[in-house]
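One structure below.
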Amino acid sequence: MSSQLTRRDWLRASGLMTAGLSLSRFAPAEAASTAEQAQSAFTNEFAFTTPPDMPKLRARLFANENPLGIAPSAKEALIKAADIGNRYAWMEFSQLKQLLATDEGVKPENIMMSPGSSDILMAAADHFAKGGGTILTSTMTYDDLLQRAEKFGAKIKAMPMTKDYKFDLPSIKANITPDVKMVYIVNPNNPTGTIIPTAELEAFCREVAPKVPVFIDEAYIDFYEPADRPKLGKLVADGLNVILARTFSKIHGFAGLRLGYAIAQPDMLKTLHAYTNGEFAVSITTLMAGIASYKDKDWQNHCRAENAKARTYTTKALTDMGYEVIPSSANFILFPIRMKTKTFENQMFANGIGIQTREFSGQPYCRVSVGTMEEMVMFMDGFKKVVG
Ligand SMILES: Cc1ncc(COP(=O)(O)O)c(C=O)c1O
């Protein structure tokens with residue numbers, strides 16, 4: 001890592017901080033490691049050693065963005081808010097917090113806004129890494145927080161995933177030792193797209209959070225059907241030390257506009273706040289667009305339905321070709337490929353298709369974001385050409 005541009009540096013330089021990348025360079029904990037898993041642990045510094053030529057891409061499927069854009073109602077609110085761009089957003093923050101608090105069953109003081117959820121992840125990394133200690137998580141997950149925590153002195157202990165690519169909560173629980181400062185869970189997980197059964201996750205939090213803070217990164221939660229969506233706000237309402245990180249970057253399409261929030265105990269938010277630039281880092285234009293988008297359930301339902309349609313099409317097309325696709329509950333799909341990552345990636349780029357690759361336990365994988373149906377048809381055409 002040291003002789004190269006680090007992933008964050010590269011993302012910063014290429015403007016891809018919000019790209020939804022996830023790596024797994026952290027060694028699986030010895031307790032459950034195998035030689036094969038250990039070999040995989042350091043293979044993925046960052047997938048793009050040569051970034052794709054962006055203007056030449058016909059399908060941009062590497063960053064888990066919303067291909068449909070922002071809601072027309074959000075765009076209208078954004079333009080209107082330009083008229084009050086000279087004002088600090090005092091009341092508008094409370095407006096959005098009140099909306100969120102009502103839906104989540106918490107109080108507005110349990111919510112902190114931020115320009116994207118990355119800021120919350122970074123604040124937690126900085127805080128929990130202070131003075132050393134361990135952050136306990138899983139292999140094959142989003143590692144932005146983990147890399148940052150490691151950089152500032154934390155050890156990362158990553159338990160292997162279950163055979164079906166899910167967080168192994170019993171194994172994580174069994175590895176909580178006095179030096180563990182925080183547990184980091186991503187649900188739905190990036191890059192596997194898998195989810196943890198809600199009852200299991202809730203029981204885990206109720207047992208673990210009284211001892212160790214549990215950070216749940218819910219960047220992709222909006223892709224759950226509303227009826228199935230986990231409602232972990234109640235854990236916070238019950239006083240547990242659970243931190244939920246949310247973003248508008250995905251279903252709301254705000255990756256470039258930047259809006260996110262944390263739900264946690266007021267004391268924890270106060271602590272995390274000290275590591276951020278404060279809520280005013282969110283612009284009034286983004287905030288007003290966020291309020292409009294949040295209220296626009298029709299647009300969210302439309303995006304969710306289009307995503308599910310294109311995801312089903314791609315999953316079936318790959319399965320029909322004999323590929324084993326990991327069932328995804330998010331806006332990306334991970335599946336094992338039969339080519340070297342670099343060769344595959346370069347050939348896909350050459351065909352104008354932007355994707356991500358990963359290698360775990362010596363097995364190469366493709367992670368493709370779910371774009372429009374048209375883009376997924378392009379992806380399948382390109383894929384067939386590349387794999388022959
Ligand atoms: C799991 C996960 N968490 C957090 C983020 C950060 O997103 P943002 O900073 O755009 O809210 C991402 C971005 O893709 C992600 O995949």
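When averaged across all projection directions, what area in nm² does the alpha-carbon convex hull of the chain cover?
Here the figure is 18.2 nm², rounded to one decimal.
Just the ratio, please: alpha-carbon radius of gyration of region 106-160 over 2.2 N^0.38 Å, N its number of residues.
Computed over Cα atoms of region 106-160, the ratio equals 1.25.
Rounded to two decimal places and with Rh computed the Kirkwood way over Cα pairs, what is Rg over Rh for region 72-297?
Across region 72-297, the Cα-based Rg/Rh ratio is 0.97.
Using only Cα atoms, locate the centre of region 202-237 and the centre of region 248-294, then give the distance between them in Å, rounded to an integer.
So the two Cα centres are separated by 18 Å.
Using packing as a proxy for protection, rank 304-312, 257-265 so that the peptide with the highest average count of other Cβ atoms within 10 Å comes first.
Values: 304-312: 17.7, 257-265: 24.1.
Top of the packing list down: 257-265, 304-312.
Can you put Met182, Met380, Met140 in order, fewest other beta carbons within 10 Å first? Please report the intermediate quantities before stating the final value.
Numbers: Met182 23, Met380 18, Met140 32.
By the 10 Å Cβ count, ascending, the order reads Met380, Met182, Met140.
Quick one: if the Förster radius is 51 Å, what FRET efficiency do Ala174 and Ile79 give, using the C-beta to C-beta distance and rounding to 0.05? Don't skip to the end; give the middle numbers.
Details: r = 53 Å, r/R0 = 1.04.
For Ala174 and Ile79, the calculated efficiency is 0.45.
Quick check on packing: order 226-232, 371-377, 190-196 by the mean number of other C-beta atoms within 10 Å, highest mean leading.
Working: 226-232: 13.3, 371-377: 18.6, 190-196: 24.9.
Final packing ranking: 190-196, 371-377, 226-232.
Largest first, please: the extent of the C-alpha atoms of region 245-388 along each principal axis, to the nearest Å.
In descending order, the Cα extents are 54, 36, 26 Å.
Report, in listed order, any pair from Lys250/Lys297; Lys56/Lys250; Lys155/Lys342; Lys80/Lys295; Lys316/Lys384; Lys151/Lys250 with a Cα-Cα distance greater than 19 Å. Mind dumping the intermediate values first?
Working: Lys250/Lys297 14 Å; Lys56/Lys250 24 Å; Lys155/Lys342 29 Å; Lys80/Lys295 16 Å; Lys316/Lys384 14 Å; Lys151/Lys250 27 Å.
Violating the 19 Å Cα-Cα cut-off are Lys56/Lys250; Lys155/Lys342; Lys151/Lys250.
With the crude spin-label approximation of a point 7 Å out along Cα→Cβ, what separation in nm comes out for Gln363 versus Lys155?
2.9 nm
Ordered by residue, what ³J(HN,Hα) values in Hz, to whole numbers, does region 87-99 give under the Karplus form 6.51 cos²θ - 1.76 cosθ + 1.60, where θ = phi - 60° and Gly and Pro are x?
9, 6, 8, 7, 6, 5, 4, 5, 4, 5, 4, 5, 4
Using a Förster radius of 41 Å, what is the FRET efficiency between Met373 and Ala237 based on their Cβ-Cβ separation? Nearest 0.05, please. Could you put the intermediate results ahead of the total?
Details: r = 40 Å, r/R0 = 0.97.
Using R0 = 41 Å, I get an efficiency of 0.55.
Sort 152-162, 359-369, 286-296 for me by packing, meaning the mean count of neighbouring Cβ atoms within 10 Å per residue, highest on top.
Numbers: 152-162: 19.5, 359-369: 21.1, 286-296: 22.6.
Final packing ranking: 286-296, 359-369, 152-162.
Given only helices, namely DSSP H runs of n ≥ 4 each adding -39500 (n - 2.57), what is the per-residue ellipticity at 222 nm of the chain, to the nearest 500 deg cm²/dmol?
Numbers: 14 runs with 149 residues, N = 388.
Value at 222 nm, helices only, nearest 500: -11500 deg cm²/dmol.
Hey, what do the phi angles of region 182-192 turn into as Karplus ³J(HN,Hα) couplings, whole Hz, using 6.51/-1.76/1.60 and θ = phi - 60°, x for Gly and Pro?
Per residue, the Karplus-derived 3J(HN,Hα) values read 7, 10, 10, 10, 10, 8, x, 7, 10, x, 7 Hz.
For Val186, enumerate residues with amide H under 5 Å from its amide H, sequence gap 5+ or separate chain, H modeled in the peptide plane.
Asp217
Indicate, rounded to the nearest 5 percent, the antiparallel portion of the DSSP beta bridges found entirely in the chain. Spell out each step's value before the answer.
On the way: 18 of 37 bridges.
Antiparallel bridges make up about 50 percent of those DSSP assigns within the chain.
Would you calculate the separation in nanometres between label points at Asp103 and Ala274, each defined as 7 Å from the Cα along the Cα-to-beta-carbon direction?
If labels sit at Asp103 and Ala274, their model points lie 3.2 nm apart.
Take the Cα of Lys342, step 7 Å along the line toward its Cβ, and report every residue of region 371-388 whose backbone nitrogen sits under 20 Å from that point.
Only 386-387 fall inside the zone, counting backbone N under 20 Å.
Using the Karplus curve 6.51 cos²θ - 1.76 cosθ + 1.60 with θ = phi - 60°, work out ³J(HN,Hα) for each residue of region 150-165 in order, rounded to whole Hz, and write x for Gly and Pro.
Once rounded to whole Hz, the list reads 5, 4, 9, x, 7, 9, 10, 10, 10, 7, x, 7, 5, 4, 9, 6.
Values in this text are rule-based calculations from the coordinates and carry no lab data. Remember, it's a predicted structure, so these values are computed and weren't measured experimentally. FYI the Cβ positions are ideal-geometry reconstructions off the backbone, even for glycines, and counts take in every protein chain you see.
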